[in-house]
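Presented below is the structure to which this report refers.
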Amino acid sequence: EKGGFPHFMLKEIFEQVYSIRDTIRGRVNLEASEIFLGGISEMLPKLLQADRIIIVGCGTSWHAGLVGEYLLEELAGIPVEVEYASEFRYRNPIIREKDIVLAISQSGETADTLAAVRLAKEKGATVLGICNVVGSGIARETDAGVYTHAGPEIGVASTKAFTAQIAVLTMLALSIGHKKGLLSDEKYRNYIQELYHLPNKINEILKKDEEIQQLTLLLKDCPNAIYLGRGCQYPVALEGALKLKEISYIHAEGYPAAEMKHGPIALIDEKMPVFVIATRDTYYEKIVSNIKEVESRKGNVIALINPGDEIVKDIAQQTIEIPDTLESLSPLLTVIPLQLISYHIAVLRGCNVDMPRNLAKSVTVE
Ligand code: F6R
């Protein structure tokens, strides 16, 4: 049942080559350069006119929502707010006529997210869902939605559901952006082709599993860790930190890299591993200075870089190479090594990776 892997989590990390393919299959048409999301096609007019999208979710699904905020604002020009479902539902959120509420949930049964869906409906919003489990509560109660075709996720720590959620958000943002005329035909085609070929790049990263495992030998005894990213890599940093804490019980924090100097930098010493997502994007130069700030305080920087980045290789203690891709698609790649790092550290520490203490796969309590 684990397909030869020692744990479901590792199997599911490796399955991401296929789960992303399955999630875009039948929706992304490479020849015609088109994206068709059947589940929400009738909602397209509303989406095209939306004043705002409010994304609600919990945990990893909330992190996917933060990546979605970046994608929908950047590519589709729609203002987005991302809220913890548990906060949204207990406030008296302001919802206007042309707002759309989008719930993200792997299980489709998370109590707070379901309650947020019900509240949004009561307030007259159009409510959409991105769920993995077919026929689940949230899938049933939303007005329309798109399923992630990630397949059953057994490991408690969410991996392939996260990347499938981002794949759906990417398709959504691209198709709206193109229909609104914000993305030229050429740009649209370029994104579609890159998205289509992304699973091959995930495969390239997975081939580095042994190298990544080696690197974790030096990290397994650290009591704390910091994850830094900027732009769409900031939510990836949050997700990396959550993965580490939930399965290895190491205290980890994710931060937008520029926030370091406002407090967290006080934590840096030679014992502190700092994972930095330093791919060559809009923020590259800024992130290089952030790495220097950490290094000058003797922090142990492990950086995710694009191939041939001698600058970061020179200043970071360790680097992991991630294939080049379009900036907006890169969270789908950068999260993979972070998942593997958490997995290997947890295994080295003798933790029950698939069933971490105190956690349940589906949180139906409030
Ligand atoms: C983290 C994790 C949790 C879930 C959260 C929401 O690895 O699994 O943080 O992401 O409980 O669950 P869903 O997506 O089922 O609503």
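Bear in mind these aren't lab numbers, they're just calculated from the coordinates by the rules spelled out. Just so it is clear, the structure is predicted and the values come from calculations on it, not from any experiment. Heads up, the Cβs are rebuilt from the backbone with ideal geometry, glycines too, and the neighbour counts pull from every protein chain shown.
Does A150 fit the bill of being near the ligand (Cβ under 9 Å from one of its atoms) and in contact with a Ser or Thr (Cβ under 8 Å, 6 or more places away or on another chain)?
Working: near the ligand (Cβ under 9 Å from one of its atoms): no; in contact with a Ser or Thr (Cβ under 8 Å, 6 or more places away or on another chain): yes.
Judged against the criteria, A150 is not a match.
The test for being of a type outside the set (D, E, K, R), within 30 Å of I302 (Cα to Cα) and assigned to a helix (DSSP H, G or I) does not hold for I192. Based on what the data block shows, is F8 free of Cβ contacts under 8 Å to residues at least 60 places away in the same chain and more than 18 Å from the chain's Cα centre (by Cα)? Spelling it out, it is not the case that F8 is free of Cβ contacts under 8 Å to residues at least 60 places away in the same chain and more than 18 Å from the chain's Cα centre (by Cα). In the set (1) outside any helix (DSSP H, G or I); (2) surrounded by fewer than 18 Cβ atoms within 10 Å (Cβ to Cβ); (3) of a type outside the set (K, R), the condition left unmet by V353 is number (2).
In the stretch 296-314, which residues are buried (at least 17 other Cβ atoms within 10 Å of the Cβ) and in a helix (DSSP H, G or I)?
Taking the stretch 296-314 and keeping what is buried (at least 17 other Cβ atoms within 10 Å of the Cβ), we get 299-306, 309, 312.
Scanning the stretch 296-314 gives a single hit, V312.
Scanning the stretch 124-132 turns up at least one residue that is away from the ligand (no atom under 15 Å from the Cβ), surrounded by fewer than 24 Cβ atoms within 10 Å (Cβ to Cβ) and either within 20 Å of the chain's Cα centre (by Cα) or on the phi > 0 side of the Ramachandran plot (or both).
With respect to (1) over 30 Å from N358 (Cβ atoms); (2) within 15 Å of the ligand (Cβ to nearest atom), the lone exception for D143 is condition (2). If I ask for residues that are among the small types (G, A, S), under 29 Å from G350 (Cα atoms) and either touching a Pro at 6+ places or on another chain (Cβ under 7 Å) or not in a helix (DSSP H, G or I) (or both), which ones from the stretch 1-35 would you list? Within the stretch 1-35, G3, G4 meet the criteria.
If you go through the stretch 205-219, how many residues are surrounded by 15 or more Cβ atoms within 10 Å (Cβ to Cβ) and over 15 Å from Q317 (Cα atoms)? First the steps, then the outcome.
First, pick out the residues of the stretch 205-219 that are surrounded by 15 or more Cβ atoms within 10 Å (Cβ to Cβ): 205-206, 208-209, 212-213, 215-216, 219.
Right, trim to over 15 Å from Q317 (Cα atoms) and you get 205-206, 208-209, 213.
Residues meeting the conditions: 5.
For the stretch 72-113, a tally of residues being more than 10 Å from the ligand (Cβ to nearest atom), under 18 Å from the mean Cα position of the chain (by Cα) and buried (at least 24 other Cβ atoms within 10 Å of the Cβ) returns 3. The residue list Q165, Q193 contains one member that is within 30 Å of S33 (Cα to Cα) and within 16 Å of the ligand (Cβ to nearest atom), which is Q165. Note on the stretch 320-350: residues that are in a strand (DSSP E or B) and either surrounded by 20 or more Cβ atoms within 10 Å (Cβ to Cβ) or on the phi > 0 side of the Ramachandran plot (or both) total 1.
Would you check if there is a residue in the stretch 114-122 being in contact with an Asp or Glu (Cβ under 6 Å, 6 or more places away or on another chain), away from the ligand (no atom under 14 Å from the Cβ) and charged (D, E, K, R)?
Let us first name the residues in the stretch 114-122 that are in contact with an Asp or Glu (Cβ under 6 Å, 6 or more places away or on another chain), namely 117.
Now restrict to residues that are away from the ligand (no atom under 14 Å from the Cβ): none.
So far as the stretch 114-122 goes, no, none of its residues is in contact with an Asp or Glu (Cβ under 6 Å, 6 or more places away or on another chain), away from the ligand (no atom under 14 Å from the Cβ) and charged (D, E, K, R).
For residues that are among the hydroxyl-bearing types (S, T, Y) and over 17 Å from G129 (Cα atoms), tally how many sit in the stretch 152-174. Break it down into steps so the answer makes sense when it comes.
Kept after step one, since they are among the hydroxyl-bearing types (S, T, Y), are these residues of the stretch 152-174: 158-159, 163, 170.
From what is left, the residues that are over 17 Å from G129 (Cα atoms) are 158-159.
Count: 2.
Among residues of the stretch 250-264 that are crowded, with 21+ Cβ neighbours inside 10 Å, those with a beta-carbon under 7 Å from a residue that is among the basic types (K, R) at least six positions away or on a different chain give the pairs A252/K245; A257/R230.
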